[in-house]
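One structure below.
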Ligand code: FES
């Protein structure tokens with residue numbers, strides 16, 4: 001695969017703000033949050049949506065932070081709809097009243113993904129650092145299904161809530177969700193700071209694999225279950241972002257265009273901004289997006305591997321953070337590395353979790 005033919009992107013993740021009323025300690029936003037005063041304007045986002053549709057993008061996921069923290073969220077959704085994109089809103093539901101939800105749907109919101117911290121109110125409070133967050137989400141989910149907007153529940157799983165996975169699956173059904181995303185925490189950014197508290201045990205991970213397998217069988221045709229296993233216990237790495245610059249692009253609140261959530265940790269790369277670059281130019285021409293396409297950047301062990309078209313070498317950000325080399329095989333890969341590289345002793349033996357040990361992500 002020396003000759004790289006770049007396909008058009010299919011998905012745009014529009015991170016319209018990093019502001020958020022929740023403070024989840026596994027937040028996928030970078031640890032250096034982008035401030036409100038440098039967020040793109042409504043008009044800038046409208047241009048981003050138009051350019052992405054012209055580029056071939058079919059779906060935009062409007063996300064954050066909490067996108068509802070933007071007062072112009074209805075206008076943003078309207079602009080994405082006008083650009084002929086399928087509009088998916090990823091939200092905590094906090095800050096969206098019933099009337100506002102109706103406005104968002106009226107403006108063109110096609111689908112809603114609701115994040116769920118826990119089915120246990122105390123567990124939800126512990127992770128979100130917000131009182132009554134579960135109760136407010138349940139009310140929001142009901143409003144969504146009452147107006148027949150397709151709902152996906154995003155359940156982020158970790159050591160503190162994995163034992164309640166069966167109840168989580170049951171709740172998604174009761175809420176009328178069509179899809180449930182069971183996503184184990186990815187240990188980058190804020191989650192890396194909280195790894196010793198959140199990393200599941202091997203036993204929890206094995207049990208989860210089994211529960212998901214059984215639920216997929218028993219709920220086939222009723223609830224679609226997407227599953228992101230604990231990749232630190234996996235034999236092979238996940239195809240992070242479906243490969244660098246292959247399928248999706250992220251536009252950060254300030255207009256930086258990124259191939260993945262943690263790309264800014266790759267400080268040897270410069271990420272162009274939509275303020276002074278077209279998305280087409282960024283996708284096809286920028287050094288940052290071309291850096292890890294194809295296989296010429298790979299070490300021999302990946303370049304000669306029969307899985308290189310399956311996992312694309314895994315996660316560049318994880319390779320950099322654990323091995324200090326963004327071109328290395330993902331440290332999770334058992335063909336390339338001993339597993340001790342990613343599982344250290346303290347994540348195996350730490351049983352007691354004290355809430356005051358959590359490093360919360362700030363609201364802004
Ligand atoms: Fe950056 Fe995986 S998070 S490549």
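The values are calculated or read from the model by the stated rules, or taken from the named source; none is laboratory data. Not measured: the values here are computed from a predicted model. Here the Cβ is made from the backbone with ideal geometry for all residues, glycine too, and neighbour counts use every protein chain on show.
For (1) closer than 27 Å to residue 197 by Cβ; (2) under 20 Å from the mean Cα position of the chain (by Cα); (3) at pLDDT below 90; (4) within 13 Å of the ligand (Cβ to nearest atom), each residue gets a yes or a no:
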{"residue": "307", "(1), (2), (3), (4)": "no, no, no, no"}
{"residue": "313", "(1), (2), (3), (4)": "no, yes, no, yes"}
{"residue": "317", "(1), (2), (3), (4)": "yes, yes, no, yes"}
{"residue": "320", "(1), (2), (3), (4)": "yes, yes, no, yes"}
{"residue": "337", "(1), (2), (3), (4)": "yes, no, yes, no"}
{"residue": "340", "(1), (2), (3), (4)": "yes, no, yes, no"}
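Which of the residues spanning segment 196-212 are modelled with pLDDT under 90, part of a helix (DSSP H, G or I) and crowded, with 17+ Cβ neighbours inside 10 Å?
197
Whether any residue in segment 69-84 is outside any helix (DSSP H, G or I), over 14 Å from residue 251 (Cβ atoms) and touching a residue at least 24 places away in the same chain (Cβ under 8 Å) is what I want to check.
Checking segment 69-84: at least one residue is outside any helix (DSSP H, G or I), over 14 Å from residue 251 (Cβ atoms) and touching a residue at least 24 places away in the same chain (Cβ under 8 Å).
Out of 53, 80, report the one residue that is under 27 Å from residue 246 (Cβ atoms) and touching a helix residue (DSSP H, G or I) at 6+ places or on another chain (Cβ under 8 Å).
Criteria check complete, one pass: 80.
Tally the residues that are crowded, with 21+ Cβ neighbours inside 10 Å, in a loop (DSSP other than H, G, I, E, B) and away from the ligand (no atom under 12 Å from the Cβ), restricting the search to segment 244-262.
Residues that pass the stated criteria total 3.
Say whether the condition of being surrounded by fewer than 17 Cβ atoms within 10 Å (Cβ to Cβ) and over 16 Å from residue 252 (Cα atoms) is met by at least one residue in segment 29-41. Lay out the reasoning, then the answer.
From segment 29-41, those surrounded by fewer than 17 Cβ atoms within 10 Å (Cβ to Cβ) are 31-32, 35-38, 41; that's our starting set.
Of the ones still in play, those that are also over 16 Å from residue 252 (Cα atoms) are none.
The answer is no; no qualifying residue exists.
Restricting segment 230-243 to residues that are more than 12 Å from the ligand (Cβ to nearest atom) and in a helix (DSSP H, G or I), which is nearest to the chain's Cα centre (by Cα)?
Step by step, filter segment 230-243, then rank; the result is 232.
Mind checking which residues of segment 300-326 are under 14 Å from residue 265 (Cβ atoms) and surrounded by 15 or more Cβ atoms within 10 Å (Cβ to Cβ)?
Across segment 300-326, the qualifying residues are 315, 316, 317, 318, 319, 320, 321, 322, 323, 326.
Can you tell me which residues in segment 1-21 are assigned to a loop (DSSP other than H, G, I, E, B), at pLDDT 95 or above and either surrounded by fewer than 21 Cβ atoms within 10 Å (Cβ to Cβ) or in contact with a strand residue (DSSP E or B) (Cβ under 8 Å, 6 or more places away or on another chain) (or both)? Talk me through it step by step, then tell me what you get.
Filtering segment 1-21 for residues assigned to a loop (DSSP other than H, G, I, E, B) gives 1-10, 16-21.
With the extra rule that they be at pLDDT 95 or above, the set shrinks to 8-10, 16-21.
Correct list: 8, 9, 10, 16, 21.
Could you list, in sequence order, the residues of segment 140-168 that are without any contact (Cβ under 8 Å) to a residue 24 or more places away in the chain and either touching a helix residue (DSSP H, G or I) at 6+ places or on another chain (Cβ under 8 Å) or within 18 Å of residue 94 (Cα to Cα) (or both)?
Selection gives 146 alone.
The conditions are (1) more than 16 Å from the ligand (Cβ to nearest atom); (2) under 29 Å from residue 331 (Cα atoms); (3) modelled with pLDDT under 95; (4) not in a helix (DSSP H, G or I), and residue 131 fails exactly one of them. Which is it?
(2)
From (1) more than 23 Å from residue 64 (Cα to Cα); (2) within 14 Å of the ligand (Cβ to nearest atom); (3) crowded, with 20+ Cβ neighbours inside 10 Å, pick out the condition that doesn't hold for residue 297.
In the conditions (1) more than 23 Å from residue 64 (Cα to Cα); (2) within 14 Å of the ligand (Cβ to nearest atom); (3) crowded, with 20+ Cβ neighbours inside 10 Å, residue 297 misses (3) alone.
Out of all the residues in segment 273-294, is one or more more than 11 Å from the ligand (Cβ to nearest atom), assigned to a loop (DSSP other than H, G, I, E, B), modelled with pLDDT of 95 or more and more than 25 Å from residue 56 (Cβ to Cβ)?
no
For segment 278-323, give me each residue that is out of contact with any helix residue (DSSP H, G or I) (no Cβ under 7 Å at 6 or more places or on another chain) and at positive phi.
Correct list: 294, 312.
Which residues, taken from segment 169-188, are in a strand (DSSP E or B) and in contact (Cβ under 8 Å) with a residue 60 or more places away in the chain?
181
Would you confirm whether any residue within segment 222-229 is modelled with pLDDT under 95, assigned to a strand (DSSP E or B) and either within 25 Å of residue 361 (Cβ to Cβ) or within 14 Å of the ligand (Cβ to nearest atom) (or both)?
Yes, there is a match, as at least one residue in segment 222-229 is modelled with pLDDT under 95, assigned to a strand (DSSP E or B) and either within 25 Å of residue 361 (Cβ to Cβ) or within 14 Å of the ligand (Cβ to nearest atom) (or both).
Do we have residue 191 as touching a strand residue (DSSP E or B) at 6+ places or on another chain (Cβ under 7 Å) and in contact (Cβ under 8 Å) with a residue 12 or more places away in the chain here?
The answer is no for residue 191.
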